[in-house]
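Notes follow the structure.
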Amino acid sequence: MSKILYLDYVALIIYALMIITFLLRNTRLIRKRAVFVLLIFLGFFATLYDICSIWIDNRGEGAIVLSYIINIGYLALRSLIPTFFCVYMVSATDTWHRLRNNRISLFLFVLPVAVEISLIFTSPITHFAFYINENGTYVRGPLIFILYIVGLYYLFIGIYYAARYYRLLGLSKFLPLISIVPTQLISLIVQYFRPTILCEMLASVLCLLLIMLTIEKPDSLLDRSTDLYNRTAFMDMLIRAEYTEKPLSVVFINITNYSALNSYLSFSNMNLLYKALAARLETVKTDLSVNPEVYNLTKGLFAAVFSNEEKPFANKYAFKILDALHREYPINNFSVSAPTTVCIVNLPDDMSNIDQVRLFIKDFVRSRFTGDVTHASMITKNKDYAIMADMDNILKDAIENDLFEVYYQPIYSVSEKRFNSAEALIRLNSKEHGFIRPDLFIPMAEESGLINKIGLIVFEKVCRFISSDEFKTLGIDYIEVNLSVVQCMDKDLTLKIAEIINKYGVKPSQINLEITETASTLEQKNMIMNIIKLNEMGFEFSLDDFGTGYSNMVRIASLPLNIIKLDRSFTWTENNPKLKLILENTIRLVKKMNMKIVVEGVETEEMLNSFIALDCDYIQGYYFSKPLPQNEFSDFIKRNKI
Ligand code: C2E
Ligand code: CA
């Protein structure tokens, strides 16, 4: 009874189409998916050999040697499929490093396939797996069952991997991967009952097709403008590395003037620049004969990832990159330069989880040109990424357990020659990490939105202090409370604030709200409404950190401000006469607009005198006092009362 080949033909066509799809993509993609592409090739040739062997069988001409060659090819390729499926599972979970380090596992991984292949290749002599009888017909040998057992063995290991790393894969990858089990089983059952229907190859190819469409989606890992791997691929890779504890060295490369280039180069020129950059990244790889995977993480940030073995080259690569990217780029009619900062991060030594890497990236894209290669170990010491990565929990815990404290920094009134006000500054003493600086946690609380709660906690503590009998004896006119931009965007802000002041019987005139220039420049309906409403309620506003950004006088004039706080950086004018001129004129302008001036960060008597000479109204800074806990602040004011 001759066998029906149609299903094999269909399988062959599908394999061919899959191969063509991959070949039409770029070579980088093929390398990244080498094992999968190899599986497709294996399947293709196994199907081809299957068809040939059946042709020969069906013709019954007794070409024994040819029959042996074809059947050895078929059996070898066919039995390598489960093995490579297993290899694919190890690659998909990125766990080669684990397998390599465990000699016993490696041995158990390689031994069965070695036995199987020897069995097949020695069969013309031993007849163990199969033989061709004198009629030229294929006959199963006594040990053929070993091939089935080995196939099942690899299938089982593959499934074990999928189950073990289920958390890494997720259901959307897990299901296509284990689809190989039912498809293989069904095909075996069909072939058992209807031996003439050859559906095994079709079952395999359908399973691979499913994996290709769901997991190995062509292009989903590539950035089209540079043909480098994209951010998704990078994050996927990091997640796998973290989960499987794979050590890596990542060279982060940041084009520091990216935003400027992006805004003044045309779209097509920017594309050309990006392509040129990517080409240089490739050239350095070739020059050094190293093979890191290079990712385009967007916005001028790239990452070259070195495996543990190639780690020693990361340093050399970093310096070469710095040099290569530094050179000018001829783009159409002009030449462009892209100053670059490079930083080497060793994982997991420098950062132990992905959140820390994310935070680092966020910081690193803002880094300025240094012309040097930095090491994350140097940065992370100053930047507590470990604390930052855990900040959400730290802040939630602090809110729940009332760990925030408010300190007060006295502000000196020059005309009255006394301390007439103070700035409320938040302090956090976490159980686990000790004192955490506000400039570390406030920006993160703003990002997560927790600042809304924290801001109100500060506000309430200040109101409680103002309503206390102690406060009434101090002669302090008002307290400055910082209001974050994020709080200003909350549409219920005024209601919440009104509720608190009513609860404590505090008058709005006893509080000055400090907003920053960002708040005044961000055109947000809620923000403007909040500022207007609070002003109508009787609150006055101070503009914090004046002089740090691009001060927009027109906008400032349109806000209900009564105090401008000059930032510390703006007050360092000693050695720069031009800056001093700006400062003098700004002070004059502000005063002409009927606003008062607070100078922040006054540390020395010399600074104090020069600002008094410049006719500034209020002075705040370490010269008088650091921010103090409430009771120490009270003592300080009592001591210094005139
Ligand atoms: P800021 O509003 O500019 O506060 C002034 C900062 O300068 C304070 O830092 C203060 O301790 C510090 N400072 C005061 N005098 C001197 C001086 O003479 N020399 C130097 N070098 N520094 C001085 P702090 O308390 O660490 O606060 C940092 C930032 O955290 C604040 O900057 C503010 O932006 C934010 N922040 C603090 N408390 C709150 C709060 O309750 N709510 C909000 N939204 N932000 C807050
Ligand atoms: Ca402030």
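The values are calculated or read from the model by the stated rules, or taken from the named source; none is laboratory data. Note that the coordinates shown come from a computational prediction; the quantities given were computed from them, not determined experimentally. With ideal geometry, Cβ positions are generated from the backbone for all residues, glycine too; neighbour counts draw on all protein chains shown.
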Exercise. Of all the helices (runs of 4 or more DSSP H) wholly in segment 157-206, which have at least 1 residues that are without any contact (Cβ under 8 Å) to a residue 60 or more places away in the chain and more than 43 Å from the chain's Cα centre (by Cα)?
Worked result: 180-193
Problem set entry | Selected residue [at pLDDT below 95 and touching a strand residue (DSSP E or B) at 6+ places or on another chain (Cβ under 6 Å)] from N482, N429 | N429
Exercise. Within the set of pairs 6 or more residues apart or between chains, which connect a residue that is at positive phi inside segment 422-440 to a residue that is among the basic types (K, R) and within 10 Å of ligand 1 (Cβ to nearest atom) with Cβ atoms less than 8 Å apart?
Worked result: none
Problem set entry | Residues of segment 498-530 that turn out to be at pLDDT below 95, under 21 Å from C463 (Cα atoms) and away from ligand 1 (no atom under 15 Å from the Cβ), as a count | 0
Exercise. Restricted to segment 600-609, and to residues that are within 16 Å of ligand 2 (Cβ to nearest atom) and crowded, with 19+ Cβ neighbours inside 10 Å, which residue is farthest from S558 (Cα to Cα)?
Worked result: V602
Seminar exercise, completed: Output for Cβ contacts, cut-off 6 Å, separation at least six or different chains, first residue of a type in the set (S, T, N, Q) in segment 132-150, second surrounded by fewer than 16 Cβ atoms within 10 Å (Cβ to Cβ), reads N133/V139; N135/G62
Exercise. For segment 286-295, which residues satisfy the criterion of being under 24 Å from the mean Cα position of the chain (by Cα) and either assigned to a helix (DSSP H, G or I) or among the β-branched types (V, I, T) (or both)?
Worked result: V294
For this session: Return yes or no: is S53 in contact with a strand residue (DSSP E or B) (Cβ under 6 Å, 6 or more places away or on another chain), surrounded by 14 or more Cβ atoms within 10 Å (Cβ to Cβ) and over 29 Å from E245 (Cβ atoms)?
Result: no
Exercise. Looking at segment 418-439, which of the residues that are surrounded by 15 or more Cβ atoms within 10 Å (Cβ to Cβ) and within 16 Å of ligand 2 (Cβ to nearest atom) is farthest from L403 (Cα to Cα)?
Worked result: S421
For this session: State whether one or more residues within segment 383-393 are within 30 Å of T473 (Cβ to Cβ) and either within 19 Å of the chain's Cα centre (by Cα) or more than 16 Å from ligand 2 (Cβ to nearest atom) (or both).
Result: no
For this session: Only residues that are within 16 Å of ligand 2 (Cβ to nearest atom) and within 27 Å of K472 (Cα to Cα): list them for segment 440-460, please.
Result: I454, G455, V458, F459
For this session: Please specify each residue of segment 244-273 satisfying the condition of being of a type outside the set (A, V, I, L, M), surrounded by fewer than 16 Cβ atoms within 10 Å (Cβ to Cβ) and not in a loop (DSSP other than H, G, I, E, B).
Result: S259, N262, S263, Y264, F267, S268, N271
Seminar exercise, completed: The lone condition D439 fails out of (1) under 15 Å from K396 (Cβ atoms); (2) among the acidic types (D, E); (3) part of a helix (DSSP H, G or I) is (1)
For this session: Starting from residues that are exposed (fewer than 14 other Cβ atoms within 10 Å of the Cβ) and among the charged types (D, E, K, R), keep the ones in segment 563-583 and report whichever is modelled with the lowest pLDDT.
Result: E574
For this session: Return a yes/no flag: does segment 377-396 have any residue that is modelled with pLDDT of 85 or more and of a type in the set (K, R).
Result: yes
Problem set entry | Any pair with Cβ under 6 angstrom, 6 or more apart, that starts in segment 554-583 at a residue that is farther than 18 Å from I532 by Cβ and among the basic types (K, R) and ends at one that is at pLDDT 80 or above and within 14 Å of ligand 2 (Cβ to nearest atom) | K565/S542; K565/D544; K565/F546; K565/V598; K565/E600; R568/E600; R568/G601
For this session: May I ask you to say which residue of I597, I612 is surrounded by 15 or more Cβ atoms within 10 Å (Cβ to Cβ), in contact (Cβ under 8 Å) with a residue 60 or more places away in the chain and not in a loop (DSSP other than H, G, I, E, B)?
Result: I612
Problem set entry | Identity of the residue in segment 492-518, within 41 Å of the chain's Cα centre (by Cα) and either of a type in the set (G, A, S) or assigned to a strand (DSSP E or B) (or both), that ends up surrounded by the fewest Cβ atoms within 10 Å (Cβ to Cβ) | A498
For this session: Write out, first by first residue and then by second, each pair whose Cβ atoms fall under 7 Å of each other, whose residues are 6+ apart or on separate chains, and whose first residue, in segment 84-103, is of a type in the set (G, A, S) while the second is surrounded by fewer than 20 Cβ atoms within 10 Å (Cβ to Cβ) and assigned to a helix (DSSP H, G or I).
Result: S91/V35
Exercise. Taking the condition more than 16 Å from ligand 2 (Cβ to nearest atom), over 25 Å from D617 (Cα atoms), surrounded by 16 or more Cβ atoms within 10 Å (Cβ to Cβ) and modelled with pLDDT of 95 or more, does L474 pass?
Worked result: no
